[in-house]
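The values are calculated or read from the model by the stated rules, or taken from the named source; none is laboratory data. All values reported here derive from a predicted model rather than from experimental measurement. Cβ coordinates were reconstructed from backbone atoms using ideal geometry, including for glycine residues, and neighbour counts include every protein chain displayed.
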């Protein structure tokens, strides 16, 4: 058992390093390039100072060289800040995505309570039911109509993508219909609160 946990831990560390190592390598690559740029700026500042030693004030020469020595630090801070902002802005994008996410129907709907003993028979009827996973996408279920009597055991078969799982999502209203209706014991489930629906049929 101990060997199994050690192996699992090492596997997870390896997976983590697959992302950490390239990041560290890119950081080192960037640091070398920034140091090179800073060195070139300092070199040219010193070169121009030597070539213009007869016309440029020595104080200005000293200021330009000392300032050029700070360029590497400034570039490093700038690039790392930009990189951190770009990395962390993903969290803001996720928050924005969740804030704008369309909410489910009300959990409770006092205006349309489920009958006290519902469902009693368990008859399920799909009436011209249509379903799409998101606005703008094609319909996954197109005008599906069938009825299952209470107590029947029905198997749904079909190839991948035929809509088998979509029927289950439709029954629990995990995805709202694009058209049509589902009746359970003659009660339209789209009129019920989600808690009443899901707690009664599970």
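Quick notes
- Condition check for residue 33: modelled with pLDDT of 80 or more and within 19 Å of residue 82 (Cβ to Cβ): yes
Yes/no per residue for (1) exposed (fewer than 13 other Cβ atoms within 10 Å of the Cβ); (2) in contact with a helix residue (DSSP H, G or I) (Cβ under 6 Å, 6 or more places away or on another chain); (3) under 30 Å from residue 23 (Cβ atoms):
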position	(1), (2), (3)
107	yes, yes, no
114	no, yes, no
129	no, no, no
157	yes, no, no
163	no, no, no
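- Unmet criterion (only one of (1) on the phi < 0 side of the Ramachandran plot; (2) in contact (Cβ under 8 Å) with a residue 24 or more places away in the chain; (3) exposed (fewer than 12 other Cβ atoms within 10 Å of the Cβ)) for residue 151: (1)
- Residue check, residue 82 without any contact (Cβ under 8 Å) to a residue 24 or more places away in the chain, in a helix (DSSP H, G or I) and exposed (fewer than 11 other Cβ atoms within 10 Å of the Cβ): yes
- Search result, residues across segment 49-70 that are loosely packed, with under 13 Cβ neighbours inside 10 Å and more than 57 Å from the chain's Cα centre (by Cα): 51, 52, 53, 54, 55, 57, 58
- When residue 145 is tested against the conditions (1) loosely packed, with under 12 Cβ neighbours inside 10 Å; (2) in contact with a strand residue (DSSP E or B) (Cβ under 9 Å, 6 or more places away or on another chain); (3) in a loop (DSSP other than H, G, I, E, B), the lone failure is (3).
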